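Participant: Structure below; questions to follow.
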Amino acid sequence: MRTGIQLRLAGLWAVIVIFAGTVLFATAAAAGSDKPDAVPYIDSQIDINSSSRINIIIELTDTPLAVKKSEADENKTVFETAAAEKELRDEAEAFLNYLENKGIDYSGLERFEEIFNGFSMEVSARDIEKLAQFDGVTGVYPDQEYEVLFEDDDDYEPTYDENKTIEVSQLWDLGLTGAGIKIGVIDTGIDYHHPDLEDAYKGGKNYVNDGQTTPLEGHGSVTTTHGTNVSGIIAGRGSEEDKGVKGVAFESDLYVYRVIDNNDRGRTADLLKALEQASADSLDILNLSLSSKVNEADTPLTRAINQTVKSGMVVVVANGNAGPGPMTVGDPGTAASAISVAAASLRNGAESLAPFSSRGPVNGTYDIKPDIIAPGYSVYSATSLSRANTDDYSQAYGYYNGTSMAAPFITGVAALLLEADRSQTAQDIKAKIMNTGVLFDGGGVNEIGAGAVRAMKALETPVTATVQDTIRYRQGEENKELVHRTGSINFGSVEMGGYYSQEKTLELMNTSNQPVEYKVSWRFLKDSMGNEGVSLDMPERISVGAGGTADMPVVLKGKNTSEPGYYEGYLTLSADGYPELTLPFGVEVGTVSSVIESAAVSPDIFNSGRNSVEVTFELSEDVYGTEILLSDEDGSEEIGIISPFTEGGSGKSFNWDLTYTDNASGDTEKVADGKYTVQLKAYTSPFHYFLKDVPVHAYSVTPEIELLGEDLSDNHFSGKIKSYFSDEGEASKALSGGYTLENSGGVYRNGDLEIEDDGSFAVTNKLRAGETTVTIEVTDRAGNAVKESFLVNWSGIYQKGDQGEGVKQLKQNLGKLGFESSEDPADYFGDGTEKALEKFQAYYSVPVTGKADEDTQNKLDEQLSTIFMDGNADPAIRELKVKLTHLGFGNFPERPSDRYGPVTSSVVDDFQKHYGLTVNGIADDVTLGKMDAEWDKALKDGDDSEAVREMKMNLTALGFGNFPEFPSTRYGPVTSGVVSDFQESHSLRVSGTANPITLKKIEELLQAAFKDGDDHPDIRPFKQKLTALGYGNFPERPSTRYGPVTEGVVKEFQADNGLQVTGTADHVTMKKIDELLQIVFEDGDDLEEIRALKQDLTFLGFGNFPNRPSTRYGPVTEGVVKDFQKYYGLPATGVVNVRTLDVLKRNINTIYQDGKSTAEIREMKMQLTSLGFGNFPESPSKNYGPVTAGVVRDFQQHHNLIANGIADTVTLNKIYR
């Protein structure tokens, strides 16, 4: 795709976008260009920074002469030739004056004005920006290279008669020969001395800059033959009996313009000159059997061709020989108005697409190309004399392949059709040829277009079917357009997903004196395409009156299309006794997701008394527009409009007054009772929208309440709400209600009704003894409400032997509080219920009767009405969680939520279990009382008592905190922190509050500690563990007494390991000892960490491991570890425990090694000097470098230490000893 530098004014726009029958401008980027309004376009192939001189084409603002004349004819105005020529001349002179004034050096100037307004010239690339600043310049293009398209066929199969196959011979039989038709051939020239062509050739011109004055080829230095081949197919006048060439329009007049050189190459400028001359020569038909490698709809050549067709000339072009890949069609085969021709191969009487034939569609516009297909394989034609390698014209023939050979067949057919009726326009001829093409298997619309040409059918059809396309472009400050009609339906590139609809109008024109009725059908080339929601919609039949026209809508539709790609097929019109008409169609489909994120109507069920409901919708992006409709229940039939089309927007919220504009009457109506669908349409373009259905229900019937029974045998009443929602099984969600209980003393209870799906409800154990007025209020989702009162009577007590719903609820309530009764049936009051009730009464301090009397029921209600149970939320719940945390239960955050959920229930369970309470997860009265009691026992921040002082002393004894020997009695933040450390160390809930659980743990640990004067059997293994870690010098079987020696060893251990130095073997000290004795590596292990261990040992001078040792711990490693342990005073076990690893890391990370710098290193240097080692100055530096390492190594060697140059612990002990 071509992009350009934006300077001033765009050239021709090549893309058409049609919205609902209206042709709109589209950016040229869609057609492979970048040409914004009022900015000249410079083709990106031009390097404006180059110092080279290049050949360019310049387009100027004014309309070409031939187009002006055509527009005047269309508008039925007098064409003032002189005035039009003067306008063009004035603009051209102004441009040349501009070049002179700006000092722009140019050469090779050529002027165009007939069908293209501009110049060709050679300039320095660096002057192009300056040149484009002239007000009249709309575009600057490279002088593009084109080539002819053919090859000799050395393996020809002359097994058929092309003219017979394509029905040309039938037109000859009617006497059509092309007589009087002027045909131009823009090509390599013509050997007009060839006996088959000398009478056909009427004139021409040479535009190749090689000294030739005529278009003659095949003589002298011009050795090409291509133009002669093409001319022979069109107008050869040879005798077929004498193996000569008889052209399709063998009596037509040929005008040949030589633009292609001996290398089969030509330039845009020469082609434009030839087009200008062809227009001046008033030709009828023009053939261009050449191409480029550029697949673009908008180039100087395609623009000139489109304008040539507009002026009245039929232009036939070759589609190209770059197949078989898609989108290989090349300019000028991309010209919208031209007839682009593909090549067919005929073998054994069957037509097929030649593999070399280029395919469409056109880049950016998606125009269907080719338009038609004609013979282009092993085609017999005249050859120029030089190419025949003989002086005998009888031998100057050959067989050739290429779309170059196919195009002249169509040119000849066009001549015969025009001869038959000179009133036909170029578009009429194109339509007839395309409409009557014959399809064959294996060809897509961008491979064979409308099919293989059939000349007789084209002549015979009384009706043509075309679609109007418009090429819009900007000329100076003015919008211009070229309208043309074609026999294919291109819907372009569209986005689907949701609903899509784009209409094209098929115009049928009947030139006969008889009406014709067609049956209409269409098909995709692949059945699978129809499964993706893409389709065409059109009438099944269409009639065209005699000598009249008829318009038929062809609508492209998409519904929830999910598969992108190119959708193609054929539309067919069939009528008995007439040629079948065929039109290819195609569309490039991209898919997008719905832009509707949400849509809602609230409430979605409402009654007639409601004033409005809220309609809201959210879109993911700004859209083209929105519309809101009212449809029937399933959304299939539109009833009216709620909100008419509104442009733009990305969301909306408004109050709908429940009225709509009725589609049938146009009146404003109020929504009546019933089910409907509110439909949101979000349009991304006039063609495309997404749909969201929102079901709504208008319902205005008041619910009815039915209560079952008045004299009640137990504390339970029930009933049913009669409603639509009950019938639908939706009552639990659609109905809401409550009850109020009132006796002579007034209202004593109210609550919410629990309504089942079928509308039934029940209230259990809420009544008091005696008469009660039950008032029930119910409202449904639609807003319909009812209130009714009923009188009921209940005796007021449950006891053994009773049975009913009230008993069932009683047992369930007891179970919720942890007093289960599993006896059956569930609604029976038996011995088990009595015992559970007695336990309940005793636990909650209610008189123990075994009966559910009023006091008992009130206590039950009281406990089950607490806020401290699952499902509730209250600020007091937050306080409860805080208290539980400080008492050592739960892991709530510092500021917990105020919600009582399953986690809180579980924590309360733990508290109840710990203190032997009934476990129910509810913070009932008994649980809350126990919490308060335990809270009073706890020591906490802000307390001031002797108990606090005692706790601090105990914590110090256990190695926690740094309290003085006689600490204060105040509990502050420091104490809280020490308590938190203690709790974390002993896996208690960390709260900083010394709760009873924490205080108990402190006491337990104090009882477990060893101190001076103790004598206990566990002291012996304790001493053995110290020895295993290298501390003390205890015998193999030490005593069980803890004396001053043991206390001293413990102090040394505590100091080495960063513990509080007390000499007491407290819990922390014992835990550290066990931690250091844990084995990390031993013989047989294979771990990545062992590699690092070996490297560390080597660094300290132990072992002889390689640079990258293995990960295995074997006997060799074990021996090296033993040496290390002996050297550093550890038991030589060969097993690496935490203590061994700790000593290793301490020496590896010592500050006394190369690269370190500290004050301690200066002191060590001075000490070494005093011992006679090194030659450090009086005040040495604090850096440990290679010199220091060398002195340390000398010292180590002198004292038979490991000479590693590192002042490790052994070396330092020796230095300072």
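Participant: Residues to consider are A274, A280, A350; find the one that is surrounded by 24 or more Cβ atoms within 10 Å (Cβ to Cβ) and hydrophobic (A, V, I, L, M, F, W, C).
Facilitator: Details: A280 fails: surrounded by 24 or more Cβ atoms within 10 Å (Cβ to Cβ); A350 fails: surrounded by 24 or more Cβ atoms within 10 Å (Cβ to Cβ).
Selected residue: A274, the only one of A274, A280, A350 that is surrounded by 24 or more Cβ atoms within 10 Å (Cβ to Cβ) and hydrophobic (A, V, I, L, M, F, W, C).
Participant: I need a count of the residues in region 507-526 that are among the β-branched types (V, I, T) and part of a strand (DSSP E or B).
Facilitator: Matching residues across region 507-526 total 2.
Participant: Of everything in region 281-316 that's within 16 Å of V256 (Cβ to Cβ) and in a strand (DSSP E or B), which residue is farthest from the chain's Cα centre (by Cα)?
Facilitator: Of everything passing the filter in region 281-316, I285 is farthest from the chain's Cα centre (by Cα).
Participant: Ok, one more. Looking only at region 742-763, count how many residues are of a type outside the set (G, A, S), more than 51 Å from the chain's Cα centre (by Cα) and either over 15 Å from K787 (Cβ atoms) or not assigned by TED's automatic domain parsing to the domain that holds I776 (or both). Spell out the reasoning first.
Facilitator: Residues of region 742-763 of a type outside the set (G, A, S): 742-743, 747-750, 752-758, 761, 763.
From what's left, more than 51 Å from the chain's Cα centre (by Cα): 742-743, 747-750, 763.
Next, from what is left, pick out any that are either over 15 Å from K787 (Cβ atoms) or not assigned by TED's automatic domain parsing to the domain that holds I776 (or both): 743, 748-749, 763.
Adding up the residues that qualify gives 4.
Participant: Let me ask another. Please tell me if V623 is in contact (Cβ under 8 Å) with a residue 40 or more places away in the chain, closer than 21 Å to R781 by Cα and either surrounded by fewer than 21 Cβ atoms within 10 Å (Cβ to Cβ) or in contact with a strand residue (DSSP E or B) (Cβ under 9 Å, 6 or more places away or on another chain) (or both).
Facilitator: Taking the combined requirement at face value, the residue does not satisfy it.
Participant: Taking region 942-967, which residues are within 60 Å of the chain's Cα centre (by Cα) and either modelled with pLDDT of 95 or more or crowded, with 16+ Cβ neighbours inside 10 Å (or both)? It would help to see each step written out before you state the result.
Facilitator: Initially, region 942-967 is screened for residues within 60 Å of the chain's Cα centre (by Cα), giving 942, 960-961.
Listed by number, the residues that qualify are F960, G961.
Participant: Take F790 and decide whether it is surrounded by 15 or more Cβ atoms within 10 Å (Cβ to Cβ) and under 30 Å from D673 (Cβ atoms).
Facilitator: Yes.
Participant: Right, another one. Check off (1) touching a Pro at 6+ places or on another chain (Cβ under 7 Å); (2) surrounded by fewer than 16 Cβ atoms within 10 Å (Cβ to Cβ); (3) hydroxyl-bearing (S, T, Y) for S612 and give me the number that stays unchecked.
Facilitator: Checking S612 against (1) touching a Pro at 6+ places or on another chain (Cβ under 7 Å); (2) surrounded by fewer than 16 Cβ atoms within 10 Å (Cβ to Cβ); (3) hydroxyl-bearing (S, T, Y), the one that fails is (1).
Participant: Looking at region 230-241, I want the residues that are among the hydroxyl-bearing types (S, T, Y) and have a partner that is not in a helix (DSSP H, G or I) with Cβ atoms under 6 Å, at least 6 apart or on another chain. Which pairs are those?
Facilitator: Pairs that qualify, where the first residue is among the hydroxyl-bearing types (S, T, Y) and the partner is not in a helix (DSSP H, G or I), are S231/V185; S231/I190; S231/L197; S231/L254.
Participant: Scan (1) surrounded by 15 or more Cβ atoms within 10 Å (Cβ to Cβ); (2) not in a loop (DSSP other than H, G, I, E, B); (3) not acidic (D, E) for the single condition F1102 breaks and write down its number.
Facilitator: Only one criterion in (1) surrounded by 15 or more Cβ atoms within 10 Å (Cβ to Cβ); (2) not in a loop (DSSP other than H, G, I, E, B); (3) not acidic (D, E) is unmet by F1102, namely (2).
Participant: Take the residues in region 667-688 that are part of a strand (DSSP E or B) and of a type in the set (F, W, Y); name whichever of them is nearest to S493 (Cα to Cα).
Facilitator: This residue is Y683.
Participant: While we're here: Test E100 against the stated conditions and say whether it is assigned to a strand (DSSP E or B), over 27 Å from L283 (Cβ atoms) and not aliphatic (A, V, I, L, M).
Facilitator: No.
Participant: Further, regarding this structure: Can you list the strands (runs of 3 or more DSSP E) lying wholly within region 568-666 that have 3 or more residues being among the hydrophobic types (A, V, I, L, M, F, W, C) and within 38 Å of the chain's Cα centre (by Cα)?
Facilitator: 581-591, 596-602, 613-619, 625-631, 638-647
Participant: I'm checking my understanding of the structure. Among residues of region 915-924 that are crowded, with 18+ Cβ neighbours inside 10 Å, over 49 Å from the mean Cα position of the chain (by Cα) and not β-branched (V, I, T), which one is nearest to D874 (Cα to Cα)?
Facilitator: Step by step, filter region 915-924, then rank; the result is A923.
Participant: For Q912, are the conditions met, namely being in the same structural domain as E820 (by TED's automatic domain parsing), surrounded by 16 or more Cβ atoms within 10 Å (Cβ to Cβ) and of a type in the set (S, T, N, Q)?
Facilitator: Answer is no for this residue.
Participant: Report yes if L176 is within 18 Å of L385 (Cβ to Cβ), hydrophobic (A, V, I, L, M, F, W, C), modelled with pLDDT of 95 or more and part of a loop (DSSP other than H, G, I, E, B), otherwise no.
Facilitator: In short, no.
Participant: Something else about it: Go through (1) crowded, with 18+ Cβ neighbours inside 10 Å; (2) part of a strand (DSSP E or B) for E706 and report which single condition fails.
Facilitator: It fails just one condition, (1).
Participant: Name the residues in region 546-567 that are farther than 21 Å from T436 by Cβ, assigned to a loop (DSSP other than H, G, I, E, B) and not charged (D, E, K, R), would you?
Facilitator: Of everything in region 546-567, those that are farther than 21 Å from T436 by Cβ, assigned to a loop (DSSP other than H, G, I, E, B) and not charged (D, E, K, R) turn out to be N560, T561, S562, P564.
Participant: Follow-up. Give the residue that is farthest from E728 (Cα to Cα), with candidates limited to residues of region 787-798 that are in contact with a Gly (Cβ under 9 Å, 6 or more places away or on another chain) and not in a loop (DSSP other than H, G, I, E, B).
Facilitator: My answer is Y798.
Participant: Still on this structure: So which residues in region 659-678 are crowded, with 19+ Cβ neighbours inside 10 Å and either in contact (Cβ under 8 Å) with a residue 40 or more places away in the chain or β-branched (V, I, T) (or both), if there are any at all?
Facilitator: Filtering region 659-678 for residues crowded, with 19+ Cβ neighbours inside 10 Å gives 660, 671, 676-678.
The answer is V671, Y676, T677, V678.
Participant: Mind telling me which of the residues Y1152, Y1216 ends up being over 29 Å from I1079 (Cβ atoms) and touching a residue at least 60 places away in the same chain (Cβ under 8 Å)?
Facilitator: Numbers: Y1216 fails: touching a residue at least 60 places away in the same chain (Cβ under 8 Å).
Going through Y1152, Y1216 in turn, the sole match is Y1152.
Participant: Same structure, new question: Quick check: is even one residue across region 1122-1131 more than 14 Å from I1202 (Cα to Cα) and polar (S, T, N, Q)?
Facilitator: No, there is no match, as no residue in region 1122-1131 is more than 14 Å from I1202 (Cα to Cα) and polar (S, T, N, Q).
Participant: Continuing with the same structure: Go through T1169, T1117, T1150 for me and flag whichever is outside any helix (DSSP H, G or I) and out of contact with any Pro (no Cβ under 6 Å at 6 or more places or on another chain).
Facilitator: Values: T1169 fails: outside any helix (DSSP H, G or I); T1117 fails: outside any helix (DSSP H, G or I).
Step by step, each of T1169, T1117, T1150 is checked, and only T1150 is outside any helix (DSSP H, G or I) and out of contact with any Pro (no Cβ under 6 Å at 6 or more places or on another chain).
Participant: Name the residues in region 882-931 that are under 25 Å from K839 (Cβ atoms), charged (D, E, K, R), in contact (Cβ under 8 Å) with a residue 12 or more places away in the chain and assigned to a helix (DSSP H, G or I), would you?
Facilitator: D909, D910, D925, K930, listed by residue number.
Participant: Filter region 1177-1213 for residues that are among the polar types (S, T, N, Q), in contact (Cβ under 8 Å) with a residue 12 or more places away in the chain and in a helix (DSSP H, G or I); which is farthest from E1160 (Cα to Cα)?
Facilitator: Q1196
Participant: Hey, among A1065, A1055, which residue is crowded, with 20+ Cβ neighbours inside 10 Å and of a type in the set (G, A, S)?
Facilitator: The conditions single out A1065.
Participant: Search region 65-84 for residues that are in contact (Cβ under 8 Å) with a residue 24 or more places away in the chain and pair each with any residue that is acidic (D, E) and surrounded by 14 or more Cβ atoms within 10 Å (Cβ to Cβ) when their beta-carbon atoms are under 6 Å apart and the residues are at least 6 apart or on different chains.
Facilitator: As it stands, the answer is L65/E113; L65/E114; A66/E114, since those pairs meet every condition given.
Participant: Scan region 367-395 and report the pairs whose first residue is at positive phi and whose second residue is part of a loop (DSSP other than H, G, I, E, B) and surrounded by fewer than 24 Cβ atoms within 10 Å (Cβ to Cβ), with Cβ atoms within less than 8 Å and a gap of 6+ or a chain change.
Facilitator: S378/D153; S378/Y156; S378/E157; S378/P158
Participant: Can you tell me how many residues in region 753-786 are of a type outside the set (S, T, N, Q), in a strand (DSSP E or B) and farther than 14 Å from G719 by Cα?
Facilitator: Of the residues in region 753-786, 5 are of a type outside the set (S, T, N, Q), in a strand (DSSP E or B) and farther than 14 Å from G719 by Cα.
Participant: Say whether the condition of being in a loop (DSSP other than H, G, I, E, B) and at pLDDT below 95 is met by at least one residue in region 534-544.
Facilitator: No.
The values are calculated or read from the model by the stated rules, or taken from the named source; none is laboratory data. If you're wondering where the values come from, they're calculated on a predicted model, not measured in any experiment. No Cβ is skipped: glycine too gets one built from the backbone with ideal geometry, and neighbour counts run over all protein chains shown.
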